[in-house]
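**Student:** My structure is below; once you've seen it, I'll send some questions.
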Amino acid sequence: MRPIPVHAFNPGPMTGDGNTTWLIPGHVPTLIDAGTGERQHLDALEHALSGARLAQVLVTHSHVDHASGAVAIAERMPHVQFLKMPWPEHDAAWRVPWHPITDGETVAVGDSVLAAVHTPGHSPDHLCFWHHDSGQLFCGDLAWKGSTVVIPPSHGGDVAAYVASLERIVHLQPRIMLPAHGPVIDRPLDLLQEYIEHRKWREQQVLAALRTGLTSPDEMVPRIYPTLATALVSMARESVLAHLLKLEREGRAARDGERWRLRD
Ligand SMILES: [Zn+2]
């Protein structure tokens with residue numbers, strides 16, 4: 001399986017240089033992720049197809065930079081099918097017929113088969129796509145080399161689920177990960193381990209903040225992220241809240257109204 005990166009031409013504060021979508025040529029030409037429908041993306045996709053007909057798009061999750069381009073692709077290539085794990089209230093925003101796929105399901109792709117691996121955390125509907133024979137994992141937003149992944153609890157993010165997803169992928173032992181953002185991840189196990197450690201460290205910081213009597217994400221953010229740019233404060237608040245919610249579920253923190261405390 002020789003995937004071809006096709007740039008989505010959607011640079012921005014949340015997407016870095018812009019998304020990478022992956023074309024898998026062969027019997028069943030398949031695109032991983034739909035981008036945002038930029039004309040240059042569709043032109044680049046057609047160029048990479050070099051005359052072949054795209055059969056389907058597998059979408060890792062319904063965030064705008066991965067799913068919204070389905071509409072423009074469907075306009076230019078009306079025969080294409082779109083597949084993802086359902087998250088109905090969000091999928092409805094992108095008006096194409098979505099074919100549901102679930103964890104463990106296999107899909108004929110290129111000249112081979114990919115297996116869907118449910119990896120919630122960044123979003124509840126997140127799938128990675130696994131090619132067992134070559135050890136390649138299309139990892140969507142599970143990992144972004146040179147950055148960390150946002151876990152937004154107000155939009156279905158769940159830090160405990162995210163760590164479990166990272167551990168699940170460690171067990172797969174991928175040889176290489178092909179992400180939607182940033183460079184190809186050629187030493188995936190090192191990066192996954194780094195992410196797991198990073199979350200543990202963040203949790204320790206949140207516990208330490210609770211221990212010193214801080215009671216809200218607003219109070220904790222300046223302590224935990226002392227040099228944060230203003231534009232990133234709301235994301236940091238979300239991240240702290242994600243950890244507090246995990247601790248609450250584990251019975252280690254509790255809330256009285258808006259005030260958080262350690263549970264004794
Ligand atoms: Zn995302």
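The values are calculated or read from the model by the stated rules, or taken from the named source; none is laboratory data. Please read all numbers here as calculations on a predicted model, not as lab measurements. Ideal geometry is used to build each Cβ from the backbone, glycine not excepted, and the neighbour counts take in all protein chains shown. Just so you know, the surface numbers come from the protein's heavy atoms only, side chains and all, with ligands and any DNA or RNA stripped out. Shrake-Rupley method; radii C 1.70, N 1.55, O 1.52, S 1.80 Å.
**Student:** Within region 184-194, which residues are assigned to a helix (DSSP H, G or I) and open to solvent by less than 40 Å² (accessible area, probe 1.4 Å)?
**Tutor:** Selection gives Pro188, Leu191, Leu192.
**Student:** Ile4 - would you say it is open to solvent by 20 Å² or more (accessible area, probe 1.4 Å), touching a Leu at 6+ places or on another chain (Cβ under 6 Å), closer than 16 Å to Leu114 by Cα and touching a residue at least 40 places away in the same chain (Cβ under 8 Å)?
**Tutor:** Spelling it out, Ile4 is indeed open to solvent by 20 Å² or more (accessible area, probe 1.4 Å), touching a Leu at 6+ places or on another chain (Cβ under 6 Å), closer than 16 Å to Leu114 by Cα and touching a residue at least 40 places away in the same chain (Cβ under 8 Å).
**Student:** Can you tell me which residues in region 211-249 are surrounded by fewer than 20 Cβ atoms within 10 Å (Cβ to Cβ) and touching a residue at least 40 places away in the same chain (Cβ under 8 Å)?
**Tutor:** Arg211, Thr215, Ser216, Ala231, Met235, Glu238, Leu245, Arg249
**Student:** Take region 136-158 and flag every residue that is assigned to a loop (DSSP other than H, G, I, E, B), closer than 15 Å to Trp87 by Cβ and within 12 Å of the ligand (Cβ to nearest atom).
**Tutor:** Selection gives Asp141, Pro152, Gly156, Gly157.
**Student:** How about region 34-135: which helices (runs of 4 or more DSSP H) wholly inside it have at least 2 residues that are of a type outside the set (Val, Ile, Thr) and within 16 Å of the ligand (Cβ to nearest atom)?
**Tutor:** Helices (runs of 4 or more DSSP H) meeting the threshold: 64-67, 88-91.
**Student:** Looking at this structure, is Trp130 open to solvent by 10 Å² or more (accessible area, probe 1.4 Å) and in contact with a His (Cβ under 7 Å, 6 or more places away or on another chain)?
**Tutor:** no
**Student:** Can you run down the residue pairs with Cβ atoms below 6 Å, 6 or more apart or on separate chains, where the first is in region 146-159 and farther than 21 Å from Glu197 by Cβ and the partner is in a loop (DSSP other than H, G, I, E, B) and within 12 Å of the ligand (Cβ to nearest atom)?
**Tutor:** Gly156/Ser123; Gly156/Pro124
**Student:** Right, another one. Is it the case, given these coordinates, that Trp87 is open to solvent by 10 Å² or more (accessible area, probe 1.4 Å) and touching a Pro at 6+ places or on another chain (Cβ under 7 Å)?
**Tutor:** Yes, satisfied.
**Student:** Which residues, taken from region 171-183, are outside any loop (DSSP other than H, G, I, E, B) and either touching a residue at least 24 places away in the same chain (Cβ under 8 Å) or surrounded by 15 or more Cβ atoms within 10 Å (Cβ to Cβ) (or both)?
**Tutor:** If the condition is that a residue be outside any loop (DSSP other than H, G, I, E, B) and either touching a residue at least 24 places away in the same chain (Cβ under 8 Å) or surrounded by 15 or more Cβ atoms within 10 Å (Cβ to Cβ) (or both), then Leu172, Ile176, Met177, Leu178, Pro179 are the ones that fit.
**Student:** Additional query: Kindly establish whether His118 is touching an Asp or Glu at 6+ places or on another chain (Cβ under 7 Å) and open to solvent by 30 Å² or more (accessible area, probe 1.4 Å).
**Tutor:** Judged against the criteria, His118 is a match.
**Student:** For Ala34, which of the numbered conditions (1) under 17 Å from Cys139 (Cβ atoms); (2) of a type in the set (Gly, Ala, Ser); (3) open to solvent by 10 Å² or more (accessible area, probe 1.4 Å) fails to hold?
**Tutor:** It fails just one condition, (3).
**Student:** Another question, then. With Glu167, Glu105, Glu197 as the choices, which residue is closer than 26 Å to Leu54 by Cα, open to solvent by 20 Å² or more (accessible area, probe 1.4 Å), among the charged types (D, E, K, R) and without any contact (Cβ under 8 Å) to a residue 40 or more places away in the chain?
**Tutor:** One residue alone meets the criteria, Glu105.
**Student:** Determine which member of the set Glu197, Glu248, Glu167, Glu238 is assigned to a helix (DSSP H, G or I) and farther than 20 Å from Pro124 by Cβ.
**Tutor:** On inspection, the qualifying residue turns out to be Glu197.
**Student:** Right, here's the next one. Going through region 37-48 one residue at a time, which ones are open to solvent by 20 Å² or more (accessible area, probe 1.4 Å) and of a type outside the set (A, V, I, L, M)?
**Tutor:** Within region 37-48, Gly37, Glu38, Arg39, Gln40, Asp43, Glu46, His47 meet the criteria.
**Student:** I would also like to ask the following. How many residues, within region 49-67, are small (Gly, Ala, Ser) and surrounded by fewer than 18 Cβ atoms within 10 Å (Cβ to Cβ)?
**Tutor:** Result for region 49-67: 3.
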